[in-house]
Structure formats: structure tokens, C-alpha cells
2 protein chains.
Amino acid sequence: MKTVNIALLGCGSVGGGLVSLLRDQHEQIRRRCRVDLRLRKILVRDSERIREGVDQTLLTDDPEEVIESADLVIELLGGLEPARTMIRNALVESRNVVTANKRLLAVAGTDLHDLASVHRVRIGYEASVCGAIPIIRILRSHVNCLDVTQICGIVNGTTNYILTRMAEDSSTFAESLEEAQRLGFAEADPTLDVGGIDAAHKLKILAELAFDQRVCLDDVAVTGIEAIDGSDIESARRRGKVIRHVARAQRRGDRIEMSVAPEELPRDHPFAAVRGEENAILVCAAGAGEIFLRGKGAGSLPSASAVLGDVCDVATSN
Amino acid sequence: MKTVNIALLGCGSVGGGLVSLLRDQHEQIRRRCRVDLRLRKILVRDSERIREGVDQTLLTDDPEEVIESADLVIELLGGLEPARTMIRNALVESRNVVTANKRLLAVAGTDLHDLASVHRVRIGYEASVCGAIPIIRILRSHVNCLDVTQICGIVNGTTNYILTRMAEDSSTFAESLEEAQRLGFAEADPTLDVGGIDAAHKLKILAELAFDQRVCLDDVAVTGIEAIDGSDIESARRRGKVIRHVARAQRRGDRIEMSVAPEELPRDHPFAAVRGEENAILVCAAGAGEIFLRGKGAGSLPSASAVLGDVCDVATSN
């Protein structure tokens, strides 16, 4: 059986979830994927701190040591640097990479994909968009042979949680945001989420895959949900509508139109039933028609499960 | 660029849809999948009959001629024979196979998969369950590394169409069935559909993939929808419920419990919004949580799109 040595960069919420899945699913992965995944090193800022369920001897704060230990590098640091440099180094040394870093992919995805192609290695990034929902996989394979006409989704759990609370408990925007932060759905600095920038990053990743062409982040018309208040939600409700924060990309001739904005949707729209921190995606492709997907868009284990799926794919593919 | 020669067995509704997709998507498939798919022969009963959009010179009624023309054989004949013998012959001669034949897979899937494994070729069967919904792909890859605890779905468009009509138009069972036949959703002999046998076939295919073990068709407790009448639906509605025909498989210790039966579901259950001939699937896997999928479960182009996705996968994989 093939053994694949894994280095993990970052051991926060998703990293911790991945460590536990790698342990719990080790035998199943050996049996079903016929690969022996060995976690060799974990890069952390403080290698002295005890992390529950994590083997202390794997921790290191030395970036070079961690990359050298691996055939496959999993990047869960988030943000642009040092993630970008470490992924580039791994690719240049012909190591496969799996990442959940939507911001980095939105900003530097083309460069990283080109580098992977030159060095004949792969980048898996299912976990970068919509957590446990396998939308990247579906765009890369199932509908890859079809003309996609539109893709839209609820791709940010924080804004959906806030809008749901405001509609169902009559909470204010501020109260709902605070609750989301308390529950760990929202970042300490929620600007990227509530302002729609995080959703725009994800939309760029989806649109480039769906339409097989480069798109520009600046071409996404972004409106956040900061200006939504109780009266907007109540007014929508009176007209049989619900407000959802929707990321949308569609082909218009040669152009790809992209927006992230609060939209009023009819109560029987599939997105209307997507509540709390859930995510959902609707893809329209020639022949297939509409395919709707819904699931956990974030969180330790859901995101880690998508990372693990990529790891198994990449580990068994070459 | 690699050229893959294709033989098509059967040119009915799905076959005709596939011929048009192979033509319309030919350039996109060359560009995105880097493979040149060439349809070489089509096996039909009457090779003299004109079929709109189908090149008459490809038609033949000679089974040997058609198989010999191909690297990849697409079986869309349906039923057990001659489909089984022709697929076996193709596999033994190391030709890849793509099929939409759920009945054959439910009855003889193990034998065919073993044969494919011995001859180092692949069988694609996404179109055998839930048309355009990529559930086979997701079970084979995305959640393959996770413990699946349950999979359930609305996997038969005919029974869902009938139940929807009965609830929304107060039509009788007989009127709704007749309407489904008129629209082409239901077979001339609807016994396999309304009796739940077709759903049981699909459930067996899903359960074996999800739980990675053989299950027996006889172990599916099957109840059709023939006994459902307007008063059942009305009574459910008064209690805030809807009736759906649900196929369900779940792990209980070492056993897999399987059933196909009408179930009363709360109005906010994801299946309650699945109307008409649509299909839907809910998979629960450790870590990922619930993943819900919904889309066109049958019909010429939706089923053909799933066949085409498999064809591209298989054609590019070896």
C-alpha cells in the first residue's frame, strides 16, 4: 500500500478537526482508498502549547522542517502570507497541496494553479468554498463537460446566520452579529463577512471553474448586509419574500456578470429554506438543468471533511 | 489529443439526448477534458428508421460490429438482457463501460464490477440513480473517506409526480398516473415505479457504495404508493405533514436497514419541497454532517448529462 506523508500548516479550528478525522478515519481510508496517510509534522506558532487530541511531538514552529517532511502539504493558515510563500515553495518542490484558503485563491489562484501545472502536482481546494458541500468537485468533473449558464449561492454562513436571526427572532443586526461571534461563526473582525468580500472571493473561485475563464475580483458588484434592518425584513415578509445574501455569476454573451448582494427571494425559492450558518449552491448547466446543494458551509469538522476528501483524491491520483 | 471511440447501445430517449450532447459539447469537451470523443456506432433494433438529429450511417443492428468499433461502450438498452451479455463482452475485451441501467446493476452489479476489476477497466453508472444529481460521484469520492451513517432520497420521479399531483390538484391516484404517462415520466407498465421496486434497485446501488458492503435486494422492505388515497394526503396535511415516497438506508451496528415506503414528513423537511418529477438525496456522514442534493432525476437530457460526465471521466482516466 502506498504511504503518503502529510504536513499540516496551522492547527486552529479546521486543523484540529482534520487531525481528529485523520486519526478516526485512518483505517477506513486504508481500506477504501488504499492509501496510508501519515501525519508527519504540524506547523504552529507556539509548539509548547498543549492541544487536546494532538500528538505534541508532531508540532514544530520551523516552516522548512514541516514542508520537507511531506509528499502532501495541507495549508490551513488562512490569509495571504506566509501561506502564499509556503504553498509556492511546496509546489516548486513538486509536493501536492490541499488548501482551504479562499482569500489566497481569489487573489493568487492563477499563479498557484500555473505553478502546480508546471511542476505536475495538484492543488485541492474543495474546503475553500462552502465547507462540506462538494461544489468544487462537481464543477471540476460532473458539469465540466456542459455549458454552465449560471451559478449562485449562499456562500457565507455568518451573513446567513445574521439574516436568519433578524427574521426569526426580531434581533437587531448588532445583536445577531454578536451572537454569531459568540458561537464562533463570525470572525473577531467581521468586515470581510458582513461586507460581502469573503463571498466575492468564493464567487471568483466558483465562476472561474464554472465558466473556464479568468474573472476579475473588481468585476464583482459587492453589497454587504450592514444596511439591512428589521423594517426591510418585515417589508419583504409582508410581500411573501425573504432576504438572503446571494453570490451570483451568470454568462451574458462573452461577459460574466457577478454580484454579491442581499436579494428578496420568494418563500418557495430553495435558498429561502437555508437557515442559520448553512450554505447552499444552485448550478444551472445545459442538459442537466438546475442542481441544488445544501449543507454545512463552515465549522471545524465540516470543513475538515472537505479537506480530507481532497487529501484522499490527491494522495491516490499520482 | 487522445481520441476515444464510442459505441452507443440503444437510441431511445436518453440515447437521443446523449447524441445531441456529444455533438453540442464536442468542442467544450476537447478544450476542457482534452479528449476527442468520437461516436462510431449506434446499436438499434431498426437501422432503417430515421431518427431526428442522428447520423443514419452510424446505425447498425449488429451487436458485434458495434462493440468492436469502440474503446468505450455506453449501454442505454435498459433491462437485463441483452444488456448484461453485451456489457460482459465489452468488459472481457477490456473496453470501458458507462451504463444507466439500475435494474441490471441491482441484480448483477457485483459480477460486473468484479469483471471490470479483473480486466482493469472502469464502469461509470452515475445516470443509474437520480439522473443529473451527482450522488454516485459524491459517494465514490467526497464522502468515501468518511463514515456514512444514513442515506435517503426521493429516487423515483414517477411516484413523486403522482404524490405531488394528488396533494396539489386533488387528482386521484389513477388520474395522476395517467398524466405522468402522458407526459412521459411513467412507463407504459408502471408497476416497477409505483410498487417501489425501481426505488429499491436504486437504494441497493446507493447503499453498497455508501456503506462499502454488499446488501441484498430482498432485505429492502418495500411498500409502494398504490394504497395512498386523497384522504391520507388530506389527513397528513391537517397535521402539518406531507407524504413522500422515501428510499432509506441506515447503519444499525453491523446491519444495514433499508426501506422504500411512503413517509409522512414535516412541511419544513427538505424532501417536502421536492415536487413533481424531481429527485433528491440526503447523505449523513461523520464530520460532514447532512449534505442535501436536489435536481432532475430523469428525462432525456438530464440523464444524458450524467452519462456524458461519466464518459469524460472514464475517457480521461486511462
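How far apart are the B:Thr85 label points across copies, placing each 7 Å from Cα toward Cβ, in nm, shortest first? Listed shortest first, these distances are 6.9 nm. The fraction of accessible area contributed by carbon and sulfur in the protein assembly as shown is 46 percent, rounded to a whole number (1.4 Å probe; ligands and nucleic acids excluded).
With the label put 7 angstrom out from Cα along the Cα-to-Cβ vector, B:Met1 ends up 4.0 nm from the copy partners, going from closest to farthest.
With viscosity 0.692 mPa s and temperature 37 °C, the Kirkwood radius over alpha carbon pairs of the stretch A:168-318 converts through Stokes-Einstein to a diffusion coefficient of 189 µm²/s. With K and R counted +1 and D and E -1, the other residues having a Cβ less than 9 Å from that of A:Leu59 yield a net charge of -1.
Interface residues of the stretch B:118-132, defined as those with an accessible-area decrease of at least 40 Å² between the chain by itself and the complete set of protein chains (probe 1.4 Å), are B:Ala132.
Taking the inverse of the mean 1/r over every pair of distinct Cα atoms in chain B gives a Kirkwood hydrodynamic radius of 20.3 Å. Annotation for the stretch A:230-318: trypsin sites (Lys or Arg not before Pro) lying in DSSP loop with at most 13 further Cβ atoms inside 10 Å of their Cβ are A:Arg239, A:Arg267. Projecting 7 Å from Cα along the Cα-to-Cβ direction, the label point of B:Glu27 sits 5.5 nm from its equivalents in the other copies, listed shortest first. Note: relative contact order over chain A, using C-alpha pairs below 8 Å and six or more positions apart, is 22 percent. Here's the picture: charge each Lys and Arg Cβ at +1 and each Asp and Glu Cβ at -1 in the stretch A:172-212, and of A:Ala180, A:Leu203, A:Thr191 the one pushed furthest to the positive end of that dipole is A:Leu203. When the alpha-carbon atoms of the stretch B:34-78 are used, the pair Rg, Dmax equals 11.0, 34 angstrom. Burial annotation for the stretch B:12-57: residues with an accessible-area loss of at least 40 Å² between the isolated chain and the complete set of protein chains, computed on heavy atoms with a 1.4 Å probe, are B:Gln25, B:Gln28, B:Arg32. Summed over both chains, the area buried between B and A is near 3400 Å², taken from the accessible surface of protein heavy atoms with a 1.4 Å probe.
Spread over its residues, the convex hull of the C-alpha atoms of the stretch B:17-142 is 126 Å³ per residue. The relative contact order of the stretch B:1-147, computed from alpha carbon pairs under 8 Å that lie at least 6 residues apart in sequence, is 21 percent. Just add up the charged neighbours of B:Val118: K/R +1, D/E -1, any other residue whose Cβ is under 13 Å from the Cβ of B:Val118. Summing Lys and Arg as +1 and Asp and Glu as -1 gives 0. Pairs of C-alpha atoms in the protein assembly as shown farther apart than 46 Å represent 16 percent of all such pairs. Positive-end ranking of A:Cys11, A:Gly157, A:Ile133 along the dipole of chain A, with charges on Cβ about the Cα centre, is headed by A:Ile133.
In units of the compact-protein estimate 2.2 N^0.38 Å, the stretch A:92-166 shows a Cα radius of gyration of 1.33. Interface residues of the stretch B:182-219, defined as those with an accessible-area decrease of at least 20 Å² between the chain by itself and the complete set of protein chains (probe 1.4 Å), are B:Asp212.
Taking the three principal axes of the alpha carbon atoms in the stretch A:1-81, the coordinate ranges are 35, 25, 24 Å, sorted in descending order. If we count every other residue with Cβ under 14 angstrom of B:Arg244's Cβ, Lys/Arg +1 and Asp/Glu -1, where does the sum land? That sum, taken over residues with Cβ under 14 Å, equals 0. Each part gets one Cα centre, and for the stretch B:1-18 versus the stretch B:89-111 those centres are 16 Å apart.
Quick one: which of A:Lys204/A:Lys296; A:Lys41/A:Lys296; B:Lys2/B:Lys41 span more than 26 angstrom between C-alpha atoms? In this structure, A:Lys41/A:Lys296 lie more than 26 Å apart at Cα. Computed over the stretch A:116-232, the quotient of the alpha carbon radius of gyration and 2.2 N^0.38 Å is 1.24.
Using a 10 Å Cβ count of at most 13 others and DSSP loop calls, identify the longest part of chain B lacking such GluC sites (Glu not before Pro).
B:94-318
Overall, chain B carries a charge dipole of about 1120 debye about its Cα centre when +1 sits on the Cβ of Lys and Arg and -1 on the Cβ of Asp and Glu, all other atoms neutral.
As a length-normalised measure over Cα pairs under 8 Å and 6 or more apart, the relative contact order of the stretch A:197-309 settles at 19 percent.
Over chain A, with the other protein chains present, what is the accessible area per residue in square angstrom, probe 1.4 angstrom? All intermediate terms of the calculation are to be shown ahead of the outcome.
On the way: 13180 Å² over 318 residues.
Per residue, chain A has an accessible area of 41 Å².
When chain A is treated as a GNM with alpha-carbon contacts under 10 Å, the residue of A:Ala100, A:Ala167, A:Ala227 showing the greatest mean-square fluctuation is A:Ala227.
The values are calculated or read from the model by the stated rules, or taken from the named source; none is laboratory data. Every value quoted in this text rests on a predicted model; they were computed, and no experiment measured them. Cβ: placed from backbone, ideal geometry, glycine included. Neighbour counts: every protein chain shown. Note: accessible area is taken over every heavy atom of the protein model, side chains too, but ligands, DNA and RNA are not part of it. Shrake-Rupley method; radii C 1.70, N 1.55, O 1.52, S 1.80 Å.
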